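> Structure incoming, see below.
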């Protein structure tokens, strides 16, 4: 009986050599990434011009990967209308596989992931760093809604704080934990502002990022209006019709609650040490 012969390296097919960007031309990756940020976020594209040219190009490539992951997770195109949400676990797995391959220097057949491989090779972005951001895409895609302030902060960390860490790498920040903690803080602050800004838009789409215990503490009335309704499972949902306020930008109660939250949050289990209360010293 013939025994199976062990596999040996082929003399004819050479294994691919890992290269940043999967072997794509860097200039081409930069151009494709610029198109992604110019179309996906004019404000980010404008702000990126404040950087020197090499940093600016790295920012564009990082953005292209973030934009592509978000689109894959939500089955959408360039942040547009959400597509069919079936198969979310398969899409998240694809993001993880392509990200790992890109960081290993392999070609992914996707420009955005190859751009990540390029910028990761230049800036030292690790798989662990990227996975922290991917966890945020997973939370959004699975309909995350926080029950507590701690859950809200963990969500903000994954969708924005971890991106702040990547930005610090892209900017070649010194390898100092204080700097990276502050970069994380900045991302958290941006995301909290986004949550406050988009309360009405999120409610209209059936999403709520205000913690259940905030709504519980305030009852279901906000600025004298019924704006939330308790579900049978104990969670809360916002009522978008009640939130269609003529002066929604004058939501002083929301601002007050946000300030109280920032002042009183003790950060049990947090991954950073906030310092905003020390900045006037």
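> Look at residue 147 and say whether it is surrounded by fewer than 21 Cβ atoms within 10 Å (Cβ to Cβ) and touching a helix residue (DSSP H, G or I) at 6+ places or on another chain (Cβ under 6 Å). Outline the logic, then answer.
Numbers: surrounded by fewer than 21 Cβ atoms within 10 Å (Cβ to Cβ): yes; touching a helix residue (DSSP H, G or I) at 6+ places or on another chain (Cβ under 6 Å): yes.
The answer is yes for residue 147.
> Restricting to region 1-36, name every residue that is closer than 24 Å to residue 100 by Cβ, part of a helix (DSSP H, G or I) and modelled with pLDDT of 90 or more.
Hits for region 1-36 are 26, 28, 29, 30, 32, 33, 36.
> Just the residues that are within 9 Å of the chain's Cα centre (by Cα) and under 21 Å from residue 50 (Cβ atoms), please, taken from region 137-169.
Hits for region 137-169 are 160, 163.
Residue-by-condition table, conditions (1) out of contact with any helix residue (DSSP H, G or I) (no Cβ under 9 Å at 6 or more places or on another chain); (2) buried (at least 19 other Cβ atoms within 10 Å of the Cβ):
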{"residue": "32", "(1), (2)": "no, no"}
{"residue": "53", "(1), (2)": "yes, no"}
{"residue": "62", "(1), (2)": "no, yes"}
{"residue": "69", "(1), (2)": "no, yes"}
{"residue": "97", "(1), (2)": "yes, no"}
{"residue": "107", "(1), (2)": "no, no"}
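> When you go through (1) at pLDDT 90 or above; (2) in a helix (DSSP H, G or I) one by one for residue 50, which number turns out not to apply?
Of (1) at pLDDT 90 or above; (2) in a helix (DSSP H, G or I), only one is false for residue 50: (2).
> OK, next. Just checking, which of 140, 202 is in contact with a strand residue (DSSP E or B) (Cβ under 9 Å, 6 or more places away or on another chain), in a helix (DSSP H, G or I) and surrounded by fewer than 22 Cβ atoms within 10 Å (Cβ to Cβ)?
Checking each option against the conditions leaves just 202.
> I would also like to ask the following. What are the residues in region 170-179 that are at pLDDT below 95 and either within 16 Å of the chain's Cα centre (by Cα) or part of a helix (DSSP H, G or I) (or both), if any?
Those that are at pLDDT below 95 and either within 16 Å of the chain's Cα centre (by Cα) or part of a helix (DSSP H, G or I) (or both): 177, 178, 179.
The values are calculated or read from the model by the stated rules, or taken from the named source; none is laboratory data. Keep in mind that this is a model prediction, so the values were computed, not measured. Every residue, glycine as well, gets a Cβ built from its backbone with ideal geometry; the counts of neighbours run over all protein chains shown.
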